[in-house]
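*Asks:* Starting off with a structure, shown below.
The values are calculated or read from the model by the stated rules, or taken from the named source; none is laboratory data. Remember, it's a predicted structure, so these values are computed and weren't measured experimentally. Cβ placement follows ideal geometry from the backbone for every residue including glycine, while neighbour counts extend to all protein chains displayed. In case anyone asks, the SASA skips ligands and DNA or RNA and just uses the protein heavy atoms, side chains included. Shrake-Rupley method; radii C 1.70, N 1.55, O 1.52, S 1.80 Å.
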Amino acid sequence: MTPSSPNDSPRLRSRDWFGKRDRWGLAHRAWLRSEGFSDRVFEGKPVIGVCNSWSELNNCNAHLRILAEAVKRGVWEAGGFPLEFNTLSLGEMLMKPTTMLYRNLMAMEVEESIRAYPLDGVVLLCGCDKTTPAQLMGAASVDVPAIMVPGGPMLSGMWHDRELAAGTDVRRMWEEVRAGRLGEEQWCEIESCVSRSAGHCYVMGTASTMASLAEGLGMTLPGAGDIPAVDSRRMMIAERSGGRIVEMVREGLRPSRIMTAAALENATRLLMALGGSTNAIVHLVALAGRLGIRLPLSSFDDIAATTPFIANVKPSGKFLMEEFSYAGGVQAVLKELTPLLQLDAITANGKSMGENLKGAACFNREVIRPLREPLLPQGGVVVLNGNLAPQGAVIKQSAVSPHLMKHRGRAVVFENNQDLLARLDDPNLPVDENSVMVLRNAGPKGAPGMPEWGHLPIPAKLLKAGVKDMVRISDARISGTSFGTIVVHVAPEAAVGGVLAIVRDGDEIDLDVAARRLELRVQDAEIRSRLAQWKPPAPHYERGYGRLFLDHILQADEGCDFDFLRGSSRDEGGTPLARYPNPAL
Ligand code: FES
């Protein structure tokens with residue numbers, strides 16, 4: 001075997017490992033050949049990493065090894081050399097206290113794995129909520145050519161002849177159980193009907209939203225955002241993505257050329273049109289920070305104001321992801337948004353967003369509305385400001401009860417999640433349907449990790465009285481499957497001395513969604529006086545990753561990234577820092 005000269009493929013990072021005739025070149029090839037590869041794989045083929053977040057601990061990603069095989073077929077066929085590797089996987093259901101505590105850790109692992117190994121391009125296999133933004137953030141930072149293949153949503157949940165909507169209906173039915181309207185036997189039956197196949201949750205929750213936004217950003221092939229996990233077309237798109245990444249390496253099409261300010265604007269428009277998860281705001285801000293692009297919270301509100309909500313998908317709408325996909329999916333929504341999009345934005349297939357959308361069509365107008373007949377004239381997710389959230393807070397207005405869009409109520413304050421769980425169903429809790437439930441110390445530092453605790457359950461005594469929604473406010477996040485009048489991401493959070501820290505039982509709070517206001521009706525002098533007496537809670541961690549997290553985590557309005565991870569990985573001359581300087585050392 002004669003390895004090709006390093007000059008044969010000057011753009012291939014992998015040649016620094018495999019293209020040399022010296023002792024290190026031999027060692028790099030020889031040790032990899034122990035896996036049974038012949039000398040042909042070193043003949044200048046681009047080395048493609050298949051970055052797999054497969055894990056049996058993460059049911060949403062448990063099928064990704066099958067998808068990886070399809071990707072590899074495509075890579076081989078296009079003349080590349082695929083090598084699959086695993087990273088940390090973040091499974092919403094089993095990982096405690098919250099996957100958000102580990103999103104940045106996974107992003108770092110993705111970034112450093114790509115940087116440290118002889119990879120010329122990478123295919124990112126993701127699924128559950130945080131795996132998608134973590135991979136996008138890591139890929140953005142290292143800036144080696146990358147394409148994403150989401151795992152796709154599960155089949156719709158079915159209980160007898162009744163459709164179930166993942167976490168959304170589990171929450172609703174748990175409230176029915178607590179109200180005494182649903183029995184133990186039915187509750188057990190539901191357990192085996194709600195999660196019926198491989199894939200991620202099948203409403204427009206965080207996983208579906210982020211997979212869709214990956215497509216809106218241009219980081220997937222068209223159609224990859226919504227095809228069901230077990231649909232054979234998902235295998236086909238994985239195979240095609242494997243072929244495409246080889247071409248992207250040859251074209252030098254890096255994430256920084258795809259995920260531009262225009263692409264982020266397109267993704268934000270898509271988020272609003274989908275009525276997608278509030279979590280997407282945190283992730284998009286963090287991603288923009290990696291790319292050196294300014295994306296203030298106000299830009300979400302500006303785009304929400306000019307983007308109709310048109311995707312009739314739960315939890316804000318009526319249908320599930322399967323029906324959304326059959327109706328034309330993300331491409332059909334983007335097609336509707338054409339007059340509002342940055343159509344020149346380049347996408348992973350090398351074509352512009354505008355070119356891709358020429359062939360897109362909608363097949364069910366009940367599921368995806370025309371732009372002129374939207375479900376709501378404005379986007380689903382909006383940003384609130386006011387003295388209770390000087391750096392912003394977020395509410396999904398598409399899920400708000402109409403009678404609570406403008407509301408004044410007295411606060412019922414819970415010091416933390418334990419306090420909430422301990423007192424929620426106390427018959428003596430001084431709460432009625434007009435109260436405003438406040439949960440604090442549930443933010444990035446306070447919880448820590450900003451868990452999805454913001455969907456405060458309605459107290460049992462009010463549920464029994466027929467109350468279905470109340471105003472709830474916290475510095476936590478909510479699951480994308482949540483519904484109701486829920487204000488989250490209050491910044492700054494209570495644990496760093498935000499005004500949320502000094503709200504007392506009985507204080508009046510004003511929520512005005514249309515005016516984007518969230519106000520604590522307490523005099524400024526009194527707020528200052530209470531804050532002067534406030535003492536920060538003891539830190540949750542003294543060592544290890546938890547300590548690193550607490551020392552460097554940013555607030556929600558800054559994307560909850562680590563302060564030292566912001567900015568691009570390029571040097572001042574624009575040279576990607578992904579090239580390992582000398583693998584012989
Ligand atoms: Fe993974 Fe819902 S639990 S997407």
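*Asks:* Residues in the range 126-143: is at least one over 20 Å from the mean Cα position of the chain (by Cα) and either over 15 Å from residue 52 (Cβ atoms) or surrounded by fewer than 23 Cβ atoms within 10 Å (Cβ to Cβ) (or both)?
*Replies:* No, there is no match, as no residue in the range 126-143 is over 20 Å from the mean Cα position of the chain (by Cα) and either over 15 Å from residue 52 (Cβ atoms) or surrounded by fewer than 23 Cβ atoms within 10 Å (Cβ to Cβ) (or both).
*Asks:* Could you check the range 123-155 and list, in sequence order, the residues that are touching a Gly at 6+ places or on another chain (Cβ under 8 Å), farther than 19 Å from residue 239 by Cα and within 13 Å of the ligand (Cβ to nearest atom)?
*Replies:* The answer is 128, 129, 154.
*Asks:* Give 515, 501 a once-over and let me know the one that is outside any loop (DSSP other than H, G, I, E, B), more than 27 Å from residue 205 (Cβ to Cβ) and more than 16 Å from the ligand (Cβ to nearest atom). Step through it out loud before you land on a result.
*Replies:* Details: 515 fails: outside any loop (DSSP other than H, G, I, E, B).
501 is the lone residue from the list that is outside any loop (DSSP other than H, G, I, E, B), more than 27 Å from residue 205 (Cβ to Cβ) and more than 16 Å from the ligand (Cβ to nearest atom).
*Asks:* Which members of the range 359-379 meet the condition of being modelled with pLDDT of 95 or more and not in a loop (DSSP other than H, G, I, E, B)?
*Replies:* 368
*Asks:* Same structure, new question: Where in the range 380-424 are the strands (runs of 3 or more DSSP E), entirely inside, with at least 1 residues that are among the charged types (D, E, K, R) and either under 17 Å from residue 482 (Cβ atoms) or open to solvent by 20 Å² or more (accessible area, probe 1.4 Å) (or both)? Walk me through how you get there before you give the answer.
*Replies:* Values: elements: 381-384, 393-396, 406-414.
In the range 380-424, 393-396, 406-414 are the strands (runs of 3 or more DSSP E) which contain 1 or more residues that are among the charged types (D, E, K, R) and either under 17 Å from residue 482 (Cβ atoms) or open to solvent by 20 Å² or more (accessible area, probe 1.4 Å) (or both).
*Asks:* Follow-up question, since we're still on this one. For residues that are closer than 24 Å to residue 103 by Cα and touching a Gly at 6+ places or on another chain (Cβ under 8 Å), tally how many sit in the range 206-223.
*Replies:* 10
*Asks:* Could you list all residues from the range 457-470 that are crowded, with 24+ Cβ neighbours inside 10 Å and either within 16 Å of the ligand (Cβ to nearest atom) or within 25 Å of the chain's Cα centre (by Cα) (or both)?
*Replies:* Once the filter is applied, which keeps residues that are crowded, with 24+ Cβ neighbours inside 10 Å and either within 16 Å of the ligand (Cβ to nearest atom) or within 25 Å of the chain's Cα centre (by Cα) (or both), the range 457-470 yields nothing.
*Asks:* Also, quick follow-up: Here's a check for you: in the range 442-456, which residue that is among the aliphatic types (A, V, I, L, M) and more than 18 Å from the chain's Cα centre (by Cα) is surrounded by the most Cβ atoms within 10 Å (Cβ to Cβ)?
*Replies:* 442
*Asks:* Kindly indicate whether any position in the range 511-529 is β-branched (Val, Ile, Thr), more than 18 Å from residue 434 (Cβ to Cβ), modelled with pLDDT of 95 or more and open to solvent by less than 10 Å² (accessible area, probe 1.4 Å).
*Replies:* no
*Asks:* Follow-up. Give the residue that is surrounded by the fewest Cβ atoms within 10 Å (Cβ to Cβ), with candidates limited to residues of the range 156-177 that are of a type in the set (A, V, I, L, M) and within 14 Å of the ligand (Cβ to nearest atom). Spell out how you get there, then give the answer.
*Replies:* Start the filter on the range 156-177 by keeping residues that are of a type in the set (A, V, I, L, M), which leaves 158, 164-166, 170, 173, 177.
If we keep only those that are within 14 Å of the ligand (Cβ to nearest atom) as well, we get 164-166, 170.
On the way: 164: 21, 165: 26, 166: 27, 170: 18.
If we take residues in the range 156-177 being of a type in the set (A, V, I, L, M) and within 14 Å of the ligand (Cβ to nearest atom), then 170 is surrounded by the fewest Cβ atoms within 10 Å (Cβ to Cβ).
*Asks:* Additional query: Being touching a Lys or Arg at 6+ places or on another chain (Cβ under 6 Å), within 17 Å of residue 210 (Cβ to Cβ) and within 16 Å of the ligand (Cβ to nearest atom) narrows it down to one residue among 90, 64; which is it?
*Replies:* So the residue among 90, 64 that is touching a Lys or Arg at 6+ places or on another chain (Cβ under 6 Å), within 17 Å of residue 210 (Cβ to Cβ) and within 16 Å of the ligand (Cβ to nearest atom) is 90.
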